[in-house]
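Each value in this text was obtained by applying a stated rule to the coordinates, not by laboratory testing. Just so it is clear, the structure is predicted and the values come from calculations on it, not from any experiment. Note that each Cβ is placed from the backbone with ideal geometry, even for glycine, and that neighbours are counted across all protein chains shown.
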Amino acid sequence: MFFVNLICIHKKCAAGIFLFFLFSFLILICQPVPLYSYCKSPFIMPLNGSITVKFRQVYRDEEKEISRRHTGIDIEGRYGQKVIAAANGMVSYIGFSPTGGRTLVIKHNKNIRTTYLNLLQIYVPVGTSVKQGEVIASIGAEDDPSSSSYHLHFGIIYDGKYIDPEDVLAIDYSSISKFIHLKYLPFDFKLYYSN
Ligand SMILES: [Zn+2]
């Protein structure tokens, strides 16, 4: 009888230990992991440098003798300086633009693409998945007429239109709500008045 009791106690112990480990494991895997916890902002500066030519700034293309409006921002840097991916995505295009030189495009989702122009070297082929901060290219070319110093021409296309990269770079996950403006329409107020 004592022996049977002992086995039962052992079984209870084993069950207890099993439950303890099961709960510990569940607590471990159920920790909420915030989305994009590894990045501070959805888009980061692709080159460490100062912005010399702004979005929509008018510049003179001396070679073609025309004035153009800038479709992105020029970020100044050193010859050979590495360019990183502004956000996670897939390399969707590599080519040569007559107005910006060697070009790389990253598709981030259905609506957003980032463009990197005036590149010296490209390190990733089309179809590569890249993470935010990953080295994709280097600068040092002189193919973008908007600035004569070594720079990266960086653009953001949203729904087929160029938008100001500085606005997008300013978005920060910790304060994203300040960029959301809820507009009330007459229809919204009808909800209150209908009761
Ligand atoms: Zn430019």
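Here are the numbers:
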{"read-out": "5 angstrom amide H check on L120, placed H, neighbours 5+ away", "value": "S138, I139, G140, A141"}
{"read-out": "Cβ-based net charge around Q121, under 12 Å, with every Lys or Arg adding one and every Asp or Glu removing one", "value": "+2"}
{"read-out": "Residues with amide H under 5 Å from that of V130, placed H, sequence gap 5 or more", "value": "G89, M90, V91"}
